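Undergrad: Right, I'll just put the structure down here and ask away after.
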Amino acid sequence: MHKEANEVLLEIKGLFKKYDDMTVLDDVNLSINKGEVVVILGPSGCGKSTLLRCLNGLEKIQGGDIRYRNKSLVDKDVNWQEIRQHIGMVFQNYELFSHMTVIENILLGPVKVQKRDKNEVMEQANQLLDRVGLLDRKDSYPRQLSGGQKQRIAIVRALCMNPEIMLFDEVTASLDPEMVREVLDVILGLAKQGMTMLIVTHELSFARAVADKIVFIDKGKICEISDPDEFFTHPKTERAQHFLNKFQY
Amino acid sequence: MQNLGINVFLKGRNMIRLFEGLMVTARIALIAIIIGSLLGIVLGVVWTSKSKWIRSVCRIYLEMFRIIPILVWLFIMYFGVTTVLNIDLSGEFVSIIVFTLWGAAEMGDIVRGALESLPKHQIESGKAIGLSFWGLYRYILIPQAVRRMLPGAINLATRMVKTTSLVVLIGVIDVIKVGQQIIETSRIEVPTASFWVYGFLFILYFVICYPLSVLSRRLENKWNG
Ligand SMILES: Nc1ncnc2c1ncn2[C@@H]1O[C@H](COP(=O)(O)OP(=O)(O)OP(=O)(O)O)[C@@H](O)[C@H]1O
Ligand SMILES: [Mg+2]
């Protein structure tokens, strides 16, 4: 959607990741420009979640380099608490903090971690909640919300930290079908505003609509990086062809 | 005479004696609950260790109190241990020891359960908004663990209060023993004394334990609901 100045925000070079003896990511190279929306597709177990988790320091990597604004994230002295404020992440299982209300969930990071002024954050939170249509639920507890509502709150919680990049890992995968739409719409809205995003999803039509670039991974390797229209009409590799066929009945 | 049965409480020092008995019961329960809980928290944290050996020792310790009745523990400690070691311990002291060890075992299990039941995702979400190690404990893990263990801990406290009624069997003059003595001495003058005294004890235990059990149910509904 947005093809802005080619300022590289995140660069992954020769990334290598193993669990015990099993190689999960093998020589992954990818760069993400500011304002770019990159969608990662691939069969289950190919390493999509692992890739996102590495970018957010939730997994240690065994080789290669990850650079954020040209600063390496594999140095020993990387301050992940600091980096994670710039690289937000939303997970599949909409984990809101169960003992806090919606607004407390949202304020925790900005106020306690970023030490921002509470009133200022509150104002931003209200705007974001309004945008996802949940302003009236700000004093609810997570257990009082539907899956789709929780996932939208989780997105707001991440956004309120003012991240520069957002990582989404199958955020609609555990939702009932009728709630998928409301969450995808929020992400589409972010894309329109020029948010830089790395999205893992199994919703192919959404992927096609939102992506500037499709990355197809199989067995821990990037097989193909394509323009979305090209990927869905003329996939370059046989594996991608095979993957797309599985979604057609 | 019938309508004067309640006067049994006003005769002589009966009221004061009941109160003294109550203090003995309360002392045993309170000390055991407080020290037992503190030891239990330490035990519970140690219990979450990855070492199989440490986990087994903790488990065996708990099972010893689950399998062997508390009454038997009281007898072992009061008659057995004091004879073997040739020391003289008061019944009240032995009671406090046994109840504290038991409370620690059960509390340890409750704390272990609470810590282990916290979902891993909550930790990762906390990290994802930039919380530090201590921030995670302070804002996420401790508040959630306390919520999970409080209903169980209150329940344990009421069980301990009720079980103190066994200490009379190793010679401790607790509130129940005092009650029995009052019934004995007033049997001729006040034939209905047992009704009044046991009724009083019933209400006494109820007044202590019921609010606790209501509180634990409320918290459970509020937090798990
Ligand atoms: N903590 C772990 N320990 C060991 N192996 C793991 C661990 N996490 C993931 N794996 C393995 O790594 C591989 C990649 O997992 P990953 O979760 O990244 O796949 P995915 O592409 O996200 O799959 P899905 O579409 O099902 O979410 C899988 O084979 C998985 O079994
Ligand atoms: Mg995954």
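Undergrad: Quick check on this structure: which one of A:Leu128, A:Leu198, A:Leu167 is assigned to a helix (DSSP H, G or I) and surrounded by 14 or more Cβ atoms within 10 Å (Cβ to Cβ)?
TA: A:Leu128
Undergrad: Please go through the stretch B:146-158 and pick out each residue that is away from chain A (no Cβ under 14 Å) and either of a type in the set (A, V, I, L, M) or surrounded by fewer than 17 Cβ atoms within 10 Å (Cβ to Cβ) (or both).
TA: B:Ala153, B:Ile154, B:Leu156, B:Ala157
Undergrad: Check A:Val183, A:Val171, A:Val210 and return the single one that is in contact (Cβ under 8 Å) with a residue 40 or more places away in the chain and closer than 18 Å to A:Glu95 by Cβ.
TA: Values: A:Val183 fails: in contact (Cβ under 8 Å) with a residue 40 or more places away in the chain; A:Val210 fails: closer than 18 Å to A:Glu95 by Cβ.
Only one candidate qualifies: A:Val171.
Undergrad: While we're on this one: Restricting to the stretch A:156-198, what's the tally of residues that are touching a helix residue (DSSP H, G or I) at 6+ places or on another chain (Cβ under 7 Å) and within 16 Å of ligand 2 (Cβ to nearest atom)?
TA: Summing the residues that are touching a helix residue (DSSP H, G or I) at 6+ places or on another chain (Cβ under 7 Å) and within 16 Å of ligand 2 (Cβ to nearest atom) in the stretch A:156-198 gives 8.
Undergrad: Moving to a separate point now. Take the residues in the stretch A:20-33 that are over 11 Å from A:Gly47 (Cα atoms) and touching a Ser or Thr at 6+ places or on another chain (Cβ under 9 Å); name whichever of them is least open to solvent (accessible area, probe 1.4 Å).
TA: So, considering only residues that are over 11 Å from A:Gly47 (Cα atoms) and touching a Ser or Thr at 6+ places or on another chain (Cβ under 9 Å), the one least open to solvent (accessible area, probe 1.4 Å) is A:Ile32.
Undergrad: Among the strands (runs of 3 or more DSSP E) confined wholly to the stretch A:27-94, which include 1 or more residues that are within 15 Å of ligand 1 (Cβ to nearest atom)?
TA: A:37-41, A:87-90
Undergrad: Sort out which residues of the stretch A:95-116 are in a loop (DSSP other than H, G, I, E, B) and either over 16 Å from B:Ser132 (Cβ atoms) or in contact (Cβ under 8 Å) with a residue 60 or more places away in the chain (or both), and write them in order of number.
TA: Of everything in the stretch A:95-116, those that are in a loop (DSSP other than H, G, I, E, B) and either over 16 Å from B:Ser132 (Cβ atoms) or in contact (Cβ under 8 Å) with a residue 60 or more places away in the chain (or both) turn out to be A:Glu95, A:Leu96, A:Ser98, A:His99, A:Met100, A:Thr101, A:Arg116.
Undergrad: Pick out the one residue from A:Ser44, A:Ser72 that is at pLDDT 90 or above, open to solvent by 60 Å² or more (accessible area, probe 1.4 Å) and small (Gly, Ala, Ser).
TA: Criteria check complete, one pass: A:Ser44.
Undergrad: Just need a number here: residues in the stretch A:1-24 that are assigned to a strand (DSSP E or B) and within 8 Å of ligand 1 (Cβ to nearest atom).
TA: Qualifying residue count, the stretch A:1-24: 3.
Undergrad: Say we look at the stretch A:131-150 and pick out the residues that are away from chain B (no Cβ under 12 Å) and crowded, with 18+ Cβ neighbours inside 10 Å; which of these is farthest from ligand 2 (Cβ to nearest atom)?
TA: Going through the qualifying residues, I end up with A:Lys138.
Undergrad: Looking at B:Leu141, B:Leu85, which is the one that is at pLDDT below 90, out of contact with any Gly (no Cβ under 6 Å at 6 or more places or on another chain) and closer than 24 Å to B:Gly36 by Cα?
TA: On inspection, the qualifying residue turns out to be B:Leu141.
Undergrad: Which condition does A:Val200 not pass, out of (1) farther than 26 Å from A:Glu7 by Cβ; (2) of a type in the set (A, V, I, L, M, F, W, C); (3) away from every other protein chain (no Cβ under 14 Å), if it passes all the others?
TA: In the conditions (1) farther than 26 Å from A:Glu7 by Cβ; (2) of a type in the set (A, V, I, L, M, F, W, C); (3) away from every other protein chain (no Cβ under 14 Å), A:Val200 misses (1) alone.
Undergrad: Additional query: Among A:Arg157, A:Arg152, which is the only one that is touching a residue at least 60 places away in the same chain (Cβ under 8 Å), assigned to a helix (DSSP H, G or I) and within 30 Å of A:Asn119 (Cα to Cα)? Give the steps one after another, and end with the answer.
TA: On the way: A:Arg152 fails: touching a residue at least 60 places away in the same chain (Cβ under 8 Å).
Just a single option satisfies the conditions, and that option is A:Arg157.
Undergrad: Among the residues of the stretch A:202-242, which ones are in a helix (DSSP H, G or I), open to solvent by less than 10 Å² (accessible area, probe 1.4 Å) and within 16 Å of ligand 1 (Cβ to nearest atom)?
TA: Hits for the stretch A:202-242 are A:Ala207, A:Ala240.
Undergrad: Now a separate question. Are any residues in the stretch A:207-221 out of contact with any Ser or Thr (no Cβ under 8 Å at 6 or more places or on another chain) and away from ligand 2 (no atom under 16 Å from the Cβ), and if so, which ones?
TA: Scanning the stretch A:207-221 gives A:Arg208, A:Ala209, A:Val210, A:Ala211, A:Asp212, A:Lys221.
Undergrad: Which ones in the stretch A:70-95 are over 16 Å from the mean Cα position of the chain (by Cα) and either within 8 Å of chain B (Cβ to nearest Cβ) or not aliphatic (A, V, I, L, M) (or both)?
TA: Here is the first cut: in the stretch A:70-95, the residues over 16 Å from the mean Cα position of the chain (by Cα) are A:70-82.
Result: A:Asn70, A:Lys71, A:Ser72, A:Asp75, A:Lys76, A:Asp77, A:Asn79, A:Trp80, A:Gln81, A:Glu82.
The values are calculated or read from the model by the stated rules, or taken from the named source; none is laboratory data. Quick caveat: nothing in here was measured; it's all calculated off a predicted structure. Note that each Cβ is placed from the backbone with ideal geometry, even for glycine, and that neighbours are counted across all protein chains shown. Areas reflect the complete protein model, heavy atoms only, side chains present, ligands, DNA and RNA absent. Shrake-Rupley method; radii C 1.70, N 1.55, O 1.52, S 1.80 Å.
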